[in-house]
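So the structure is just underneath, and the comments pick up after that.
The values are calculated or read from the model by the stated rules, or taken from the named source; none is laboratory data. Worth saying up front: this structure is predicted, and the values here are computed from it rather than measured. All Cβ positions, glycine included, derive from the backbone under ideal geometry; neighbour counts span all protein chains shown.
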Amino acid sequence: MIQREYADKMAGYLPVLRAAANITQNQLAKKLAVTRPTIMSIETRKRPLQFHLYLAMVLVFMQDDDSNKLLESFELFDRNFLKNLI
């Protein structure tokens, strides 16, 4: 899967991941150093999820056991993909 596909797929599952991690749009926005409207517009697909924010979200959601399991089950992150980036 290419970068854009991973980011697009993440945007679609973002509300579910936030719920699993028990964080609000505002809390996620603060962790990513963006605004809540940015998170909201990504979730509603009015704005594409930039790849650097996708990577930051992966790091955030990996910290929570429930959302980390979803990253794997939804195939939103592949460790081999990360190796190819470095």
*Does any residue in the range 48-62 that is surrounded by 18 or more Cβ atoms within 10 Å (Cβ to Cβ) come within less than 7 Å, Cβ to Cβ, of a residue that is of a type in the set (S, T, N, Q) six or more places away or on a different chain, and which pairs are these?*
Phe61/Ser67; Phe61/Asn68
*Of the residues that make up the range 38-46, is at least one at pLDDT 95 or above and touching a Pro at 6+ places or on another chain (Cβ under 7 Å)?*
yes
*asked:* Taking the condition of being surrounded by fewer than 18 Cβ atoms within 10 Å (Cβ to Cβ) and either in contact with a Phe, Trp or Tyr (Cβ under 9 Å, 6 or more places away or on another chain) or under 13 Å from Leu71 (Cβ atoms) (or both), how many residues in the range 14-42 meet it?
replied: 1
_Of all residues being part of a helix (DSSP H, G or I) and surrounded by fewer than 10 Cβ atoms within 10 Å (Cβ to Cβ) in the range 73-86, which is modelled with the highest pLDDT? Just the residue, please._
Ser73
*asked:* Here is a list: Leu53, Leu70, Leu28. Which entry is in a helix (DSSP H, G or I), within 16 Å of Pro15 (Cβ to Cβ), of a type outside the set (S, T, N, Q) and over 10 Å from the mean Cα position of the chain (by Cα)?
replied: Leu70
